[in-house]
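Participant: Submitted below is the structure of interest, expressed as structure tokens.
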Amino acid sequence: MNNYNLQKKNFFTINKKSDSIINVKNSTDNLSNSLKLLYPIIPQSKMICVEVGSFEGEGSIIINNYLCNNNDSKLYCIDPFDDEYVKGNEKMSFWDSECKGQLDRFRNNTKNFSKIIECKEISDTMIPKLEENNIDFAYIDGDHSPEQVYKDAVNIFKKMKIGGIILFDDYLWEINGMKTKIGIDKFLDEYIGKYKLLFKNYQLAISII
Ligand SMILES: C[S@@+](CC[C@H](N)C(=O)[O-])C[C@H]1O[C@@H](n2cnc3c(N)ncnc32)[C@H](O)[C@@H]1O
């Protein structure tokens, strides 16, 4: 993966025999660290969470374990899980081989987590189905093209509660001339006054005001 300048995203190692996670390494340090910063006190109240782009479920499990402690909490994991990173996008095909078999691995990795809800769809069709003003936390980590990350941000914004938090992964990611930042910055410019910037680093977080 490092050949493709994926920066801090070191995807976790899969045990090919059992198809389970054997070595989490530092792959989701960003997510774990961001959650600790955003929620210094581990939430015990009902949390409705969304992850756009769930891949094999490592991030899903981290979000579940940190935020979904209440019995009524839920985590919607939105991903087409279709063995390609971004269907039909040649610029993203470099990662297709990693995505082969991702649905089986996601199911296997998350099968013991009852609050995780598999949503096997692209974000464009799934986010609109979610209830308005209902989301406490959203993690945007799907198709990293500026156009799609912008759309994901706009769509998820409508679903967020006041005080809810959107965390964007890979703000500084760049590949084949595509910069995720461009889409996130476009959203931030257009929605200025409607959110508070919490931090901007390799990940970026806002809360809805
Ligand atoms: C970087 S991985 C996600 C990693 C995961 N969040 C984690 O922390 O373990 C990106 C995922 O986005 C998915 N994806 C690509 N386009 C998408 C879209 N339009 N909607 C939802 N997910 C998408 C891919 O299938 C891939 O599994």
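Every number in this text was worked out from the coordinates using simple rules, so none of it is lab data. Bear in mind the structure is a predicted one, so any value in this text is a computation, not a measurement.
Participant: Filter the cross-link list K111/K161; K115/K181; K87/K120; K159/K186; K74/K179 down to pairs whose alpha-carbon distance in this structure exceeds 21 Å.
Facilitator: On the way: K111/K161 28 Å; K115/K181 31 Å; K87/K120 14 Å; K159/K186 19 Å; K74/K179 31 Å.
Long pairs (Cα-Cα over 21 Å): K111/K161; K115/K181; K74/K179.
Participant: Which semi-axis lengths, in whole Å and largest first, follow from the square roots of five times the eigenvalues of the Cα gyration tensor of segment 78-146?
Facilitator: Sorted largest first and rounded, they come to 22, 18, 9 Å.
Participant: Give me the number: length gained by fully extending I42 to N133, i.e. 0.36 nm times residue separation minus the C-alpha to C-alpha distance, one decimal in nm.
Facilitator: Values: separation 91, 0.36 × 91 = 32.76 nm, distance 2.19 nm.
Here the segment from I42 to N133 would lengthen by 30.6 nm.
Participant: Just check segment 110-165 against the gyration tensor rule for me: Cα atoms, a ≥ b ≥ c as the square roots of the eigenvalues, rounded for a/c under 1.5, and otherwise prolate or oblate depending on whether a/b exceeds b/c.
Facilitator: oblate
Participant: Okay, moving on. Take the chain, connect every pair of alpha-carbon atoms lying under 10 Å apart with a spring to form a Gaussian network, then pick out the residue of Q44, Q102, Q148 with the largest mean-square fluctuation.
Facilitator: It is Q44.
Participant: Taking every pair of distinct Cα atoms and averaging 1/r, then inverting, what Kirkwood hydrodynamic radius in Å comes out for segment 87-209? Mind dumping the intermediate values first?
Facilitator: Working: mean 1/r = 0.0641 Å⁻¹.
Mean inverse Cα-Cα distance, inverted, gives 15.6 Å.
Participant: Same structure again: If all Cα-Cα distances of segment 36-107 are sorted into 10 Å bins from 0 onward, what percent lands in each bin, rounded to whole numbers?
Facilitator: Calculated over all Cα pairs of segment 36-107, the distribution is 20, 41, 24, 14, 1 percent.
Participant: If you don't mind, there's one more thing I want to ask. Considering only DSSP beta bridges where both residues belong to the chain, give the percentage that are antiparallel (nearest 5). Show your work: numbers first, answer last.
Facilitator: Numbers: 14 of 32 bridges.
Looking only at bridges with both residues in the chain, the antiparallel portion is about 45 percent.
Participant: Roughly what % of Cα-Cα distances in the chain sit above 28 Å, to the whole percent? Walk me through the intermediate numbers first.
Facilitator: Details: 4497 of 21736 pairs.
More than 28 Å apart: 21 percent of the Cα pairs in the chain.
Participant: Given contacts defined as C-alpha pairs under 8 Å and at least six residues apart, what's the relative contact order of the chain, whole-number percent?
Facilitator: On the way: 387 pairs, mean separation 37.4, N = 209.
Relative contact order here is 18 percent.
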